[in-house]
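Colleague: This structure is in structure tokens; I'll ask about it shortly.
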Amino acid sequence: MDNSKPNLRDKILGLGKNSLRKSYYLPLRESTEGLQRYKALLDQTCDVICLLELPSLNFIDMNQSAQNFFDIDEFIQGKFNLLNKIGSDCKKTISAWIDCAFDERNIPLRMNVKHHSPALGSRDIELNLSRVEFSKVDYAVCVIHDMTDYRKVLDALSQSEENLRITLNSIGDAVIATDRNGIITRINPVALELTGVTLPEAIGQPLNKIFITVKSSDRRNPEDLIFSNTNIRHFATLDNHSILISKDRKEYHIAESSSPIKDDNGKIVGSVLTFRDITLEHELENKLFQSRKMESIGQLAGGIAHDFNNMLTGILASADLLQKKIDINESAERLVTIIIDSATRAANLTQKLLAFAQKGKLISQPSCIHEIIKNATSMLGSSIDKRIDIKMALDADNTCVSGDPGQLTNMLLNLGVNSRDAMPEGGRIFISTRNVNLSESCPQCGFMGLPPGDYLKLQFGDTGCGIPSEIRDRVFDPFVTSKPIGSGTGMGLAAVYGTVKDHSGAIEIENSSDKGTIFNIYLPLVEQNSAANSSKTHNKSECTLPQHECVLIIEDEEVIRLTAAEILHELGYKVITACDGIDGIEKYRDHQEQISAVILDMVMPRMNGRECFQRLKEINPEVKILISSGFTSEEAMRNLNIDNAAGFLKKPFTITELYEAMLSTSGISSEKENSHK
Amino acid sequence: MHTTVSRELRKFLAPEFIFGIGARMKAGVYASNLGMSRVLLVTDPGIVAAGWLKDVQNSLREEGIKSTVFSKVSPNPRDCEVMSGMEQYRASDCNGIIALGGGSPMDCAKGIAIMVSNPGHILDYEGVDMISMPGPPLLCIPTTSGTAADVSQFAIILDTSEHNKIAIISKAIVPDVSLVDPEITVSMNPFLTACTGMDAMTHAVEAACSNASSPVTDLYAYHAIELVADNIKNAVENPNDLNARYNMSLASLEAGLAFSNASLGAVHAMAHSLGGFLDLPHGKCNAILLPHVMDFNFQSAVECFKKIGEKLKLSPKLNTKELRRELMQTVNGFNRKLGITDTLGDMGVKSSDIPELAEKAVDDPCLLTNPRQAGIRDLESIYEEAS
């Protein structure tokens, strides 16, 4: 015996550890245990899992859940059939699937149906069928998920989602929500409209691809509203100076703010951005700003123009006198002409400056309101809808008002345009006038602040849609309009109001309903004949020197005072001068008998022209006062009853202008005319 | 009777087998019992020509069992044949193997079974108890009487790169069922009958003399010696003598049961080396080497050889020396009468080949149970004596 190989010998004797005949015990046990494990696994699964014979659909195998689901107490292979255990409504689909289950594509079947389980009641199920091959035999694997609870959760979720959606859609502001990476997860219709994209275009996109803004100040990209160093900001509100650029390149001024979305643990999971279109407000703000700016410029320009005018008066008048007084040679004559032309151009420039400021534009001349109305309606008639009929009842006897015919025409045109817009289908405009006397007790004199007296009442009505009640109180405020955005400035009635006020009048809405609107305008009347007075041109060669007349000049500007005195002296008047209102009063008292007329400057220190005017009238109600002014503030003009003045001398003035002004002062002129006769 | 009965632990393993005329017709039933539905039928072209395959296929068909035939098997089956058989098994999705033939198809079938269940190459499983996973069901129908592969745990495969026969010895390759049908053996020619018969004799003698023999193996070993001695001449001379064929089949079976459990000795160790080296018929090699090995072993197993003398009908009165001479002459006599007269030299073995043959033989596991320990020099001198 070979003892060197004891192990090998044992093996040959059949006594080795592995000296077994074929034994399947171990592998069999392992595979059996494996199968039991799988069965336990399958039985513990909530899903219904079955193996079915094809094409009969008899159950070959099923897990415990399937037995419960199909209410099978004891499973016997081949005894039960799927088609007998499932609702009749899906039998057809399953049969159709079997017909095509054997083709190469082997498309699985998935269907969602209602199922009535004897044990579990009505259930929503998802039934899956697929063909499998095992040992060259075809079977179907049937897996059924019970979706009932899942469906409930889904329904609740979708309800909640729907509520959220409706809420978001109902918000008047634009809302965009993003995840923590700035990817858009929600967007409401207002936001879609402003950004110009559709819902599918927006969802899933980075916010900065959809919400594109620039700063309105420099059109640079603004700092990121949502992210700060890649972290979501805790809160951010930007000023209202962003411009949103929509997909179709439209631009909107917006006001925007963002805030983080936090989960229950306070962790930031996204952000929500809200913004609104403030383009209109922005425009109004701009207009208001512009208007205030213009007002300031107007004040400034008015102030400069005043001083300018005074100086130009001196230059012009002096040049005039120079031309007359001395016997100058030809070349000197040409130089004087240059001075006069330049000064005249400068005076025109000053007038333009005042016009730009919309101040001092008021020409206050006696005007016939009926002529103005006729003029305006003929303009209106050619520009408005032919279906709008304009009726007039011009019954006033006295039609003379003091003011600027251009502004009054514009006022009527503004009212007409307003009426036209209120009557898109056509209608009627009616304009009537009559004379009224307002007493102290009437409402117009009360809250409208009109002094009692004779007025022209202009009634302007239409048969339009009326002014909405919510803006009726503010209808004369600037920028208030009932018209659609873009079609009205809201300045029409404000301008009307301004014009009426400029003319010391008042305006009221008598009535406004869906049947129409009626405005009443009151303008103070002046004497009829003053309106007929037209200016005459006088050649300086025709000027005849008056005799023994004495004129008091009250003027603070020495240049003008001396110039005017020199001119009047040249014209043959005696002249007394005063350097301000108080000095003027004293001088008038001292020489009242002598003085036949007063030239009164309006803007002076110590005592201004208006007070001085009243004091002079107190001393002698009959005194003839010629008002001299290059510019008077609106306020001053309104409070001055200029109709009591004998005339108006616009500074700067030439000799001719001064002479004509003196002639227009009736007393003087008549005496002068007489003296000529 | 010898008195030195071994009391060591012994195991006896035998497959389930059906023995008798017409046993082959049970192929279908047993294949079905073993759960086969698609069968790899391993055989060789000679068997196909003899018509035995049809009988088996008909039997399988009756049971609804499909079969695919693998018949590319050489005498001394090759490693590559095992591998291609395994591929055919897999490609045909078989679930069982039936071997129909002599030692070569049966050993090849065993190799295929190993490779179906285990990874790697068939040569990886050389040695004892190297197989961890049993193969699929294996049913053997022997067509010769001698090889006994139908009951043994042996499979001998030719390593074609080394020209060496390797022995795979494992209980796992004992067939599940053997159908031993003496009727099939009538188709063997006289020379094949002689060689396989002397193979059976060698199995029986070596099992009897093996130092791993046991009382149970002895029962089969000595009875097999007696059956071969009494019937081999008749079987060779009268191929259709069913009685002789029956007894030779029984002898082969019994010798197989004996050596499968008691193992073999130097004859097989040397014959494996020889067969691998020159691709010589296994039975013939055994027959030539047997008398020389018996002479070499005699002194180490005198009691065994006394019993063998009894079975060979030698006089019980012979002394040891006479017995030794008589045994040599008797075995040589068988060979001569059966026409096995070549020496190893006649078969092409040169004296220069002997050291290499001995070197390979000394490593053969069969040498382990030889009653007398044999070194390389011992084996070389035995090869020389047989040349």
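Colleague: Sort out which residues of the range A:246-267 are loosely packed, with under 15 Cβ neighbours inside 10 Å and part of a strand (DSSP E or B), and write them in order of number.
Modeller: Across the range A:246-267, the qualifying residues are A:251, A:262.
Colleague: Any idea how many residues of the range A:18-44 are in contact with a helix residue (DSSP H, G or I) (Cβ under 6 Å, 6 or more places away or on another chain) and within 27 Å of residue A:108 (Cα to Cα)?
Modeller: Residues flagged as in contact with a helix residue (DSSP H, G or I) (Cβ under 6 Å, 6 or more places away or on another chain) and within 27 Å of residue A:108 (Cα to Cα) within the range A:18-44 amount to 1.
Colleague: Taking the criterion of being among the acidic types (Asp, Glu), within 17 Å of residue B:105 (Cβ to Cβ), away from every other protein chain (no Cβ under 12 Å) and assigned to a loop (DSSP other than H, G, I, E, B), would at least one residue in the range B:155-175 satisfy it?
Modeller: There is no residue in the range B:155-175 that is among the acidic types (Asp, Glu), within 17 Å of residue B:105 (Cβ to Cβ), away from every other protein chain (no Cβ under 12 Å) and assigned to a loop (DSSP other than H, G, I, E, B).
Colleague: Still on this structure: Only one of B:342, B:353, B:363 is of a type in the set (D, E, K, R), away from chain A (no Cβ under 14 Å) and in a loop (DSSP other than H, G, I, E, B). Can you tell me which?
Modeller: B:342
Colleague: I'd like the full set of residues that are within 21 Å of residue B:275 (Cβ to Cβ) and outside any helix (DSSP H, G or I), limited to the range B:97-120.
Modeller: B:99, B:101, B:102
Colleague: Right, something else. Taking the range A:105-144 as the region of interest, how many residues are assigned to a strand (DSSP E or B) and either surrounded by 12 or more Cβ atoms within 10 Å (Cβ to Cβ) or of a type in the set (Lys, Arg) (or both)?
Modeller: 25
Listed here are the residues, each with its yes/no results for (1) within 30 Å of residue B:366 (Cα to Cα); (2) modelled with pLDDT under 85; (3) within 14 Å of another protein chain (Cβ to nearest Cβ); (4) touching a strand residue (DSSP E or B) at 6+ places or on another chain (Cβ under 9 Å).
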site	(1), (2), (3), (4)
A:6	yes, yes, yes, no
A:9	yes, yes, yes, no
A:12	yes, yes, yes, yes
A:20	yes, yes, yes, no
A:38	no, no, no, no
A:44	no, no, no, no
A:56	no, no, no, yes
A:62	no, no, no, yes
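Colleague: For the range B:148-183, name all the residues that are in contact with a Gly (Cβ under 8 Å, 6 or more places away or on another chain) and closer than 15 Å to residue B:257 by Cα.
Modeller: Answer for the range B:148-183, where residues must be in contact with a Gly (Cβ under 8 Å, 6 or more places away or on another chain) and closer than 15 Å to residue B:257 by Cα: B:148, B:149, B:150, B:151, B:152, B:155, B:169, B:171, B:173, B:180.
Colleague: If you don't mind, another one. Could you say which residue among B:73, B:69 is surrounded by fewer than 24 Cβ atoms within 10 Å (Cβ to Cβ) and hydrophobic (A, V, I, L, M, F, W, C)?
Modeller: B:69
Colleague: Please state which one of B:144, B:193, B:202 is within 20 Å of residue B:78 (Cα to Cα), in contact (Cβ under 8 Å) with a residue 40 or more places away in the chain and within 16 Å of the chain's Cα centre (by Cα).
Modeller: Criteria check complete, one pass: B:144.
Colleague: Can you name the residue in the range A:475-514 that is at pLDDT 70 or above and of a type in the set (Val, Ile, Thr) and is also nearest to residue A:430 (Cα to Cα) among such residues?
Modeller: A:509
Colleague: Can you tell me which residue in the range B:6-56 is surrounded by the most Cβ atoms within 10 Å (Cβ to Cβ), limited to those that are within 14 Å of chain A (Cβ to nearest Cβ) and among the polar types (S, T, N, Q)?
Modeller: B:37
Colleague: Please list, ordered by first then second residue, the pairs with beta carbon atoms under 6 Å, 6 or more apart or interchain, first in the range A:125-150 and charged (D, E, K, R), second not in a strand (DSSP E or B).
Modeller: Filtered contacts from the range A:125-150: A:126/A:147; A:131/A:101; A:131/A:106; A:138/A:54.
Colleague: Please determine whether any residue of the range A:561-574 is at pLDDT below 85, outside the structural domain of residue A:311 (by TED's automatic domain parsing), on the phi > 0 side of the Ramachandran plot and not in a helix (DSSP H, G or I).
Modeller: yes
Colleague: Something else now. Given the range A:174-223, what helices (runs of 4 or more DSSP H) lie entirely inside it while holding 2 or more residues that are of a type in the set (Val, Ile, Thr) and within 17 Å of residue A:255 (Cα to Cα)?
Modeller: A:189-195
Colleague: Given the criterion crowded, with 23+ Cβ neighbours inside 10 Å, away from chain A (no Cβ under 14 Å) and within 25 Å of residue B:383 (Cβ to Cβ), identify the matching residue among B:271, B:251.
Modeller: Among B:271, B:251, only B:271 is crowded, with 23+ Cβ neighbours inside 10 Å, away from chain A (no Cβ under 14 Å) and within 25 Å of residue B:383 (Cβ to Cβ).
Colleague: Checking the conditions here, which among A:75, A:102 is surrounded by 13 or more Cβ atoms within 10 Å (Cβ to Cβ), farther than 30 Å from residue B:368 by Cβ and either within 14 Å of chain B (Cβ to nearest Cβ) or more than 60 Å from the chain's Cα centre (by Cα) (or both)?
Modeller: Answer to the check: A:75.
Colleague: In the set A:462, A:454, which member is touching a helix residue (DSSP H, G or I) at 6+ places or on another chain (Cβ under 7 Å), among the acidic types (Asp, Glu) and either modelled with pLDDT of 85 or more or closer than 18 Å to residue A:413 by Cα (or both)?
Modeller: Just a single option satisfies the conditions, and that option is A:462.
Colleague: Residue B:110 fails exactly one of the following numbered conditions: (1) within 14 Å of another protein chain (Cβ to nearest Cβ); (2) modelled with pLDDT under 95. What is the number of that condition?
Modeller: Failing condition for residue B:110: (2).
Colleague: Which residues, taken from the range B:117-143, are within 24 Å of residue B:52 (Cβ to Cβ) and within 14 Å of another protein chain (Cβ to nearest Cβ)?
Modeller: Correct list: B:135, B:136, B:137, B:138, B:139, B:140.
Colleague: Kindly check whether there is at least one residue in the range B:367-384 that is surrounded by fewer than 21 Cβ atoms within 10 Å (Cβ to Cβ), among the β-branched types (Val, Ile, Thr) and either touching a His at 6+ places or on another chain (Cβ under 7 Å) or more than 14 Å from chain A (Cβ to nearest Cβ) (or both).
Modeller: Yes; the residues of the range B:367-384 include at least one that is surrounded by fewer than 21 Cβ atoms within 10 Å (Cβ to Cβ), among the β-branched types (Val, Ile, Thr) and either touching a His at 6+ places or on another chain (Cβ under 7 Å) or more than 14 Å from chain A (Cβ to nearest Cβ) (or both).
The values are calculated or read from the model by the stated rules, or taken from the named source; none is laboratory data. Since this is a predicted model, take the numbers as computed values, not measurements. Cβ coordinates were reconstructed from backbone atoms using ideal geometry, including for glycine residues, and neighbour counts include every protein chain displayed.
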